[in-house]
Structure formats: C-alpha cells, structure tokens
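Before any comments, here is the structure.
A short reminder: the numbers here are calculations on the coordinates, not readings from a lab. Not measured: the values here are computed from a predicted model. Please note: Cβ atoms are built from the backbone with ideal geometry, for glycine as well, and neighbour counts cover all protein chains shown.
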Amino acid sequence: GRIGVELDLDDWTRMGRGIPTIVDLQPSGRFLMEEFYYAGGLPAVLRRLGEANLIPHPNALTVNGKSLGENTKDSPIYGQDEVIRTLDNPIRADGGICVLRGNLAPLGAVLKPSAASAELMQHRGRAVVFENFDMYKARINDPELDVDANSILVMKNCGPKGYPGMAEVGNMGLPAKLLAQGVTDMVRISDARMSGTAYGTVVLHVAPEAAAGG
C-alpha cells in the first residue's frame with residue numbers, strides 16, 4: 001500500500017488466531033446492537049482491552065485532549081458481563097474471520113466462522129449451481145428445484161468483474177421449501193460479498209472470481 005506495509009490474505013488468518021471474541025452480538029452471538037450500546041458500547045470494550053494491556057497505543061491523544069487509555073479506563077460496563085464478556089470468558093477463543101484455500105479458491109476465500117454453524121464446518125454435499133444472481137432469484141424458490149438440506153448453494157459471476165461491482169448478494173437466502181421444513185442454514189459459496197451483520201455458513205470472495213476464470 002501507500003505506506004509500504006505488506007498485507008495479504010494470510011495475514012488476516014494469522015492475526016485472527018488467538019484473538020477472543022468478547023462481544024456477544026448477532027450474528028456471532030445472541031444480542032442486538034441496542035443491547036451492546038446499553039451494556040457500555042465501544043468504550044466498555046476498550047476498557048476490557050486496556051485492562052489486559054491490549055490497546056496498542058493507549059497514550060494516543062484524542063480530540064478531548066486526553067489519551068485513549070484515560071478516556072476508557074473507567075468506562076462503565078453493565079449487564080453482569082453478559083453482552084461484553086471478559087477476556088477469560090469469551091464467546092469464541094478465536095477471531096471472527098478466516099481465509100480458506102482449495103481447488104475452488106486457489107487465491108483464497110473468506111469465511112466468518114463465528115457466524116457459521118458448527119455442524120457444517122466439515123460437510124459434503126451436492127452442489128446446486130447458479131450462473132449469476134438473476135438465475136438464483138428466478139430458481140431458488142421453485143418447488144421443482146432439485147435441492148435438499150445437504151446441498152451446497154453455489155452462485156457465480158457476482159464478484160467485482162462479474163456483477164460488475166461488489167454487490168451485497170453473497171448471503172443467499174435458503175429455498176422456501178427448505179425453510180418451511182425448518183432448515184436454518186446451508187453451506188453457500190460465492191464470489192460475492194455480504195453484510196457483516198449476516199448469519200450463516202457462507203464462503204465469500206472466492207478468488208479468482210468466475211468472470212476471471214475461477
């Protein structure tokens with residue numbers, strides 16, 4: 001980049017290991033953003049990090065003339081550590097993002113394991129492939145679509161070149177007939193992106209994308 005720092009996909013996995021997830025917030029946890037706010041919000045999280053000496057530059061000055069550490073060392077934390085956990089009692093021991101590589105994604109793909117279903121982290125199923133988002137929309141709720149709960153939904157041509165742009169369509173909704181059966185998650189794979197607030201076992205940003213030969 002412009003400041004000369006080399007950063008690649010594998011760095012995100014390396015940095016994520018050993019970083020606990022301490023905020024019990026959807027989609028990785030149980031609570032809503034409103035409840036996070038009332039539990040103390042970001043200042044409370046920074047207090048937790050400060051107590052463990054994990055703020056890289058606690059003496060950095062902020063706009064009120066005080067340091068980051070000074071501003072957050074006495075921040076109130078409400079809710080008996082339910083929403084904002086202590087570092088020795090996280091909701092996950094590792095971070096919320098990991099990078100995957102394999103025959104479908106030789107240049108990498110991204111998964112949010114904190115929002116994925118544990119039982120789907122090792123999975124074998126038949127791929128149901130949609131060539132693009134329009135095909136997905138047209139077919140996904142067709143009662144005649146040959147799909148079951150073990151299927152893997154694959155959507156192509158939704159990356160930066162293929163869509164084009166980086167549309168937020170990677171969080172593919174499940175087939176209506178499976179939702180009616182009580183299915184709440186399936187493995188989904190795409191070269192698209194999705195919102196950070198979305199839930200599911202969704203492999204995103206597959207590279208190279210379909211439009212680039214992937």
Lys and Arg at +1, Asp and Glu at -1: add these up for the other residues within a Cβ distance under 12 Å of Met194 and post the number.
+1
Just check region 11-105 against the gyration tensor rule for me: Cα atoms, a ≥ b ≥ c as the square roots of the eigenvalues, rounded for a/c under 1.5, and otherwise prolate or oblate depending on whether a/b exceeds b/c.
oblate
Give me the net charge of Pro113's neighbourhood, meaning all other residues with Cβ under 9 Å from the Cβ of Pro113; Lys, Arg count +1, Asp, Glu -1.
+1
For the chain, modelled as a GNM with alpha-carbon contacts under 10 angstrom, which of Asp142, Asp191, Asp24 fluctuates the most?
Asp142
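Tell me, what is the Rg over Rh of region 112-214, with Rh the Kirkwood radius over Cα pairs?
On the way: Rg = 13.0 Å, Rh = 13.8 Å.
Radius of gyration over Kirkwood radius for region 112-214 works out to 0.94.
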Point-to-point label distance, Glu34-Ala167, nm (Cα→Cβ direction, 7 Å offset)
3.2 nm
Just to be sure I understand the model, the point goes 7 Å from the Cα along the line to the Cβ. What's the resulting Ala93 to Lys66 distance in nm?
3.7 nm
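Hey, what number do you get for the chain at 222 nm if only DSSP H runs of n ≥ 4 count, each worth -39500 (n - 2.57), divided across all residues, to the nearest 500? Numbers along the way, then the final one.
Working: 6 runs with 41 residues, N = 214.
That comes out to -4500 deg cm²/dmol.
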Just add up the charged neighbours of Cys158: K/R +1, D/E -1, any other residue whose Cβ is under 11 Å from the Cβ of Cys158.
-2
Please work out the C-alpha center-to-center distance from region 16-48 to region 119-136 and express it in whole Å.
31 Å
Against the longest alpha carbon principal axis of the chain, how many degrees, from 0 to 90 and to the nearest 10, is the axis of helix 41-51 turned?
60 degrees
Rg and Dmax [Cα atoms of the chain; Å; Rg one decimal, Dmax integer]
20.2, 64
